[in-house]
1. What single numbered condition from (1) farther than 28 Å from V445 by Cβ; (2) among the charged types (D, E, K, R); (3) not in a helix (DSSP H, G or I) fails to hold for R272?
2. Cβ contacts < 7 Å: first residue in contact (Cβ under 8 Å) with a residue 12 or more places away in the chain, restricted to segment 210-228; second residue polar (S, T, N, Q) and in a helix (DSSP H, G or I), any location; separation 6+ or different chain. Result?
3. For F95, work out the one condition from (1) among the aromatic types (F, W, Y); (2) open to solvent by less than 50 Å² (accessible area, probe 1.4 Å); (3) closer than 19 Å to I151 by Cα it doesn't fulfil.
4. How many residues are farther than 28 Å from N300 by Cβ and of a type in the set (F, W, Y) if we restrict to segment 340-367?
5. Let me spell it out: the conditions are (1) among the β-branched types (V, I, T); (2) in a loop (DSSP other than H, G, I, E, B); (3) closer than 30 Å to L120 by Cβ, and V183 meets all of them except one. Which number is the exception?
6. Name the one entry in N99, N187, N142 that is modelled with pLDDT under 80 and either touching a Phe, Trp or Tyr at 6+ places or on another chain (Cβ under 9 Å) or more than 21 Å from L2 (Cα to Cα) (or both).
7. Search segment 301-343 for residues being touching a residue at least 60 places away in the same chain (Cβ under 8 Å) and not in a helix (DSSP H, G or I), and hand back the single one that is nearest to F277 (Cα to Cα).
Amino acid sequence: MLFNSIEFLLFFPIVTILYFLLPHRFRWFHLLAASCIFYMYFIPIYILILFFTIIIDYIAGIMIENAAGKRRKLFLVMSIVANVGVLSFFKYYNFFINNVDSFFHLVNAGTRFPLLKIILPIGLSFHTFQAMSYTIEVYRGNQKAERHFGIYALYVMFYPQLVAGPIERPQNLLHQFHERHYVDYDNVIGGLRLILWGMIKKVVIADRLSPVVDSFYNNPYNNSGIGLAIATVLFAFEIFCDFSGYSDIAIGAARVMGFKLMTNFNKPYHSRSVSEFWKRWHISLSTWFKDYLYISLGGNRVSIPRMYFNLFFVFLVSGFWHGANWTFLIWGALHGFYLIFALYTREGRKKLNNFLGLSKIHWLNNFIDVTTTFVLVTFAWLFFRAKNVKDAFYIVKRIFNIPFELLQIYHTKKIGFLNLPGLKNTILPCFALIICLELAHIIQVRYRLQETFNKKPIVLRWALYYLGIAALFFLGVYENRQFIYFQF
């Protein structure tokens with residue numbers, strides 16, 4: 001079920017009202033049943049896959065807690081293999097087979113392996129990682145094994161964050177299902193406000209940017225470098241508004257019922273470095289990789305070359321987690337390279353800033369850092385969005401050809417060859433929405449809006465609510481567009 005659908009508009013209030021009307025001892029079952037309905041709205045039979053991993057991990061958690069020595073690690077490995085095995089089969093089998101076939105074709109071998117006509121289960125990467133965090137934390141002794149099967153199943157299947165996160169840790173979420181929640185005015189209003197903001201980001205901004213981006217990326221060979229560069233910038237904001245919009249709706253829906261989910265985005269395009277970007281973007285995933293993979297590899301407690309390897313490897317895995325395509329691996333590799341290059345040149349960049357005097361002009365230094373980070377991150381998004389590697393490198397080639405296009409504009413005084421369809425009716429309104437978004441972010445930071453909003457007069461608060469609802473009604477795109485991370 002999509003958050004931006006009529007079905008969810010009915011589902012959410014019914015589930016929430018019934019949750020508070022039911023006695024506490026029945027609420028876990030109500031939420032679990034609602035989460036099953038939410039998940040089965042896509043492909044009902046796939047819930048059996050989810051139940052399989054839930055049963056495996058529930059038993060594994062108890063066995064790990066009761067075992068000692070090497071047996072504890074054995075049960076953990078069995079749990080991880082089961083989870084990664086299911087994820088690999090559905091998400092990577094055809095990718096692996098296609099590449100094996102390509103290799104045999106390259107060496108003139110006639111062997112071909114069958115491809116499977118399967119649809120990736122929704123949210124598989126997300127709830128797989130959430131389940132793995134449970135068994136890992138039980139193994140580390142940071143979490144008691146959950147004995148209540150229904151509560152554990154709800155931890156994995158909790159509908160607000162089932163499809164696209166945030167990827168929760170058991171220490172934060174599991175105990176909340178045992179606690180009694182009451183109707184709380186601040187939670188209800190704060191949660192609904194987050195849902196409204198998330199919906200605006202999704203249906204007003206992301207879904208309006210999406211067809212413009214598609215028009216360029218679906219046929220890059222008939223578009224100019226300037227047009228493709230504009231589309232890439234628009235995609236950077238499309239994916240942010242789409243994904244963070246989902247997180248806001250998820251966090252808001254949970255908050256209305258009294259549950260607190262972790263913050264997943266924190267104005268990432270205001271980052272002054274790629275390292276800071278990953279502390280602000282998809283925080284639940286970046287901290288997952290840091291805690292369970294990077295630190296397990298030795299983190300920064302090893303030699304510098306090994307630390308560089310750890311960073312690069314983690315981002316390669318992160319890229320592969322995002323999708324079974326070489327473009328995602330290149331995207332992950334780029335971010336790994338950015339971080340390693342930044343560490344390697346840190347002292348040199350400090351000396352250069354001091355020499356140029358930039359370190360004393362804080363606003364200019366900040367502007368350069370934020371702009372550079374945005375350009376690097378947006379360039380990497382190009383590979384994330386492109387259909388394949390061939391298209392991606394063609395787009396890169398066209399973008400690097402922009403100086404020649406500008407010269408052509410200068411000499412001919414014409415921009416028609418740029419092929420920017422509907423410049424006034426599509427592209428300019430998109431940038432107007434982006435400016436409004438960034439102004440909202442600046443106001444949030446400068447005036448600490450979330451802290452002071454409830455202190456404002458009720459007339460002003462409700463006027464802003466109605467303004468947001470009006471924006472949804474008049475500016476929203478209602479085509480039931482899936483969230484980008486819907487099937488990751």
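The values are calculated or read from the model by the stated rules, or taken from the named source; none is laboratory data. These figures come from a predicted structure and were not determined experimentally. Positions of Cβ are backbone-derived with ideal geometry, glycine not excepted, and every protein chain shown enters the neighbour counts. Please note that ligands, DNA and RNA were not included when accessible areas were found on the heavy atoms of the full protein model with its side chains. Shrake-Rupley method; radii C 1.70, N 1.55, O 1.52, S 1.80 Å.
1. Single failed check for R272: (1).
2. Hits for this filter: V212/T426.
3. (3)
4. Total meeting the criteria: 3.
5. Condition not satisfied by V183: (3).
6. N99
7. Ranking the qualifying residues of segment 301-343, first place goes to G323.
Yes/no per residue for (1) polar (S, T, N, Q); (2) modelled with pLDDT of 85 or more; (3) farther than 19 Å from G191 by Cβ; (4) open to solvent by 60 Å² or more (accessible area, probe 1.4 Å):
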{"site": "Q444", "(1), (2), (3), (4)": "yes, no, no, no"}
{"site": "Y465", "(1), (2), (3), (4)": "no, no, no, no"}
{"site": "Y478", "(1), (2), (3), (4)": "no, no, yes, yes"}
{"site": "F486", "(1), (2), (3), (4)": "no, no, yes, no"}
